[in-house]
Amino acid sequence: MNVRTAPLLALLSTLLLVSVPRASAQARLVDGFSFGVGVGLYAGDLDGNPSSSLPTFVGSGHLSAYAGIDRHLGGPVAMGLEVHYNRLRGTSEFVDGAHNVISGDLIARVTPTSFVGFFLGVGPSLIVSQYSRLSPAAVLDGEATEGSKFALTIPIGVIIQENVRLGLRFSASDLLDGKDSGSNNDVLGAIMIGYRFK
């Protein structure tokens, strides 16, 4: 190696080593991955809890889970894509149904401090209903809707230290529990413990 070119080659090698991480960082589309599980709570026409007792809601809770990716936009703001699974049960004297709700959410997250953050999103939900008890009168009266259906939902909630989520999912329809003749739209709540890694 020529003595005169050695310093130039060393400089070029240093620049390459420094520039490669920067280029890869700029090209990175995903800043974090997250997943979690918890208890899903359901409030609706068939929740079997006319007094809206919180212990009853928690005691009748079912599995809830999520997984997602996010991208930091600057400051405290981030955007994310998440898939959520919730299971709920709707019962009455005419029906007993289990409903699996799978949602794909576009989420906006604001984290003003390292302790607490807030999220708001929108997502279409696929509801798959199965009934262990179903009377013909219930179908005619709108108490039950068999098969699969879609509903628009709006998730909102709080994230504590990126690990604990307390959230609600509001439905734009009254079909999450299979009943489309109720007085109010259905609401799903969730208490979840998750983990986010980069």
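Points to keep in mind about this one:
- Residue within region 90-99 that is within 19 Å of the chain's Cα centre (by Cα) and surrounded by fewer than 17 Cβ atoms within 10 Å (Cβ to Cβ) present: no
- Unique residue being of a type outside the set (Val, Ile, Thr) and touching an Asp or Glu at 6+ places or on another chain (Cβ under 6 Å) when the list is 75, 68: 68
- Considered as a group, the residues in region 100-125 that are more than 21 Å from residue 171 (Cα to Cα) and among the small types (Gly, Ala, Ser) include one that is most open to solvent (accessible area, probe 1.4 Å), and that residue is 114.
Here's the yes/no breakdown for (1) within 20 Å of the chain's Cα centre (by Cα); (2) open to solvent by 60 Å² or more (accessible area, probe 1.4 Å); (3) modelled with pLDDT under 80:
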| residue | (1), (2), (3) |
| --- | --- |
| 127 | yes, no, no |
| 132 | no, yes, no |
| 142 | no, no, yes |
| 151 | yes, no, no |
| 155 | yes, no, no |
| 173 | yes, no, yes |
| 187 | yes, no, no |
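- So residue 45, is it under 19 Å from residue 169 (Cβ atoms) and not in a strand (DSSP E or B): yes
- Odd one out for residue 57, checked against (1) modelled with pLDDT under 55; (2) open to solvent by less than 40 Å² (accessible area, probe 1.4 Å): (1)
- Filter pass, residue 137 being more than 27 Å from residue 34 (Cα to Cα), at pLDDT below 80 and in contact with a strand residue (DSSP E or B) (Cβ under 8 Å, 6 or more places away or on another chain): no
- For region 135-175, filtered to residues that are of a type in the set (D, E, K, R) and touching a Lys or Arg at 6+ places or on another chain (Cβ under 8 Å), the residue that is farthest from residue 101 (Cα to Cα) is 162.
- The one condition in (1) modelled with pLDDT under 80; (2) touching a Phe, Trp or Tyr at 6+ places or on another chain (Cβ under 8 Å) that residue 93 fails to fulfil: (2)
- Taking residues in region 27-43 that are closer than 17 Å to residue 82 by Cα and touching a residue at least 24 places away in the same chain (Cβ under 8 Å), and partners anywhere that are open to solvent by 70 Å² or more (accessible area, probe 1.4 Å) and assigned to a loop (DSSP other than H, G, I, E, B), the pairs with Cβ atoms closer than 7 Å and at least 6 places apart or on different chains are 31/198; 32/198.
- Residue among 121, 117 that is under 30 Å from residue 74 (Cβ atoms) and more than 12 Å from the chain's Cα centre (by Cα): 117
The values are calculated or read from the model by the stated rules, or taken from the named source; none is laboratory data. The structure presented is a predicted model; accordingly, all values stated were derived computationally and were not measured. Neighbour counts run over all protein chains shown; Cβ positions are idealised from the backbone, glycine included. Protein only, heavy atoms only, side chains kept; ligands, DNA and RNA dropped before computing areas. Shrake-Rupley method; radii C 1.70, N 1.55, O 1.52, S 1.80 Å.
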